[in-house]
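Below: the structure, in structure tokens.
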Amino acid sequence: MAMGAKPEYRDRPTVEVDILDALVDRADEGMTVLELRAVVDRDIDQIETALSTLKSDNLISVDKQGETIRIQPADHVIATDPTPDEEDQTLVDVLRDRLGL
């Protein structure tokens, strides 16, 4: 299941959000610029400009692995799945918890 970037990073330009979402989907292995280009429907100049901005804002990391450059999202960008307890709670359960009942 794709999680995407956290909501607080979704008010950025669309190309940046698309890049962050693509990177979050492949957070463990990262992506190359060419892989991003295949997923994000923008020209290479727009992608490179967005990557530069995301890097300067500390939202991505760029690592050279041999001859390949891999791009990964910063850990604080990745949205996490709710815990099973939060997911299974009913409205009544939430109200009881908040009211201390």
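Please treat every number below as a calculation from the coordinates, not as lab data. It should be emphasised that the depicted structure is a prediction, and the values quoted were computed from it without experimental measurement. Using ideal geometry, Cβ is built from the backbone for each residue, glycine included, and neighbour counts are taken over all protein chains shown.
Before moving on, here are some points about what is shown:
- Residues Asp28, Asp93 arranged by fewest to most Cβ contacts within 10 Å: Asp28, Asp93
- Put in line by how crowded their Cβ is, counting other Cβ atoms within 10 Å and starting with the fewest, Thr14, Thr80, Thr68 read Thr80, Thr68, Thr14.
- Entry for mean projected area of the Cα convex hull in nm² (calculated from the structure that is shown) out of (1) 8.3; (2) 12.9; (3) 11.7: (1)
- Take every Cα pair under 8 Å whose residues are at least 6 apart in sequence, average their separation, divide by the length of the stretch 7-99, and the relative contact order is 29 percent.
- Net length available on complete extension from Ser52 to Ala27 is 7.2 nm, with 0.36 nm assigned per residue and the Cα-Cα distance removed.
- Order of Leu95, Leu23, Leu51 under a 10 Å beta carbon neighbour criterion, fewest first: Leu95, Leu51, Leu23
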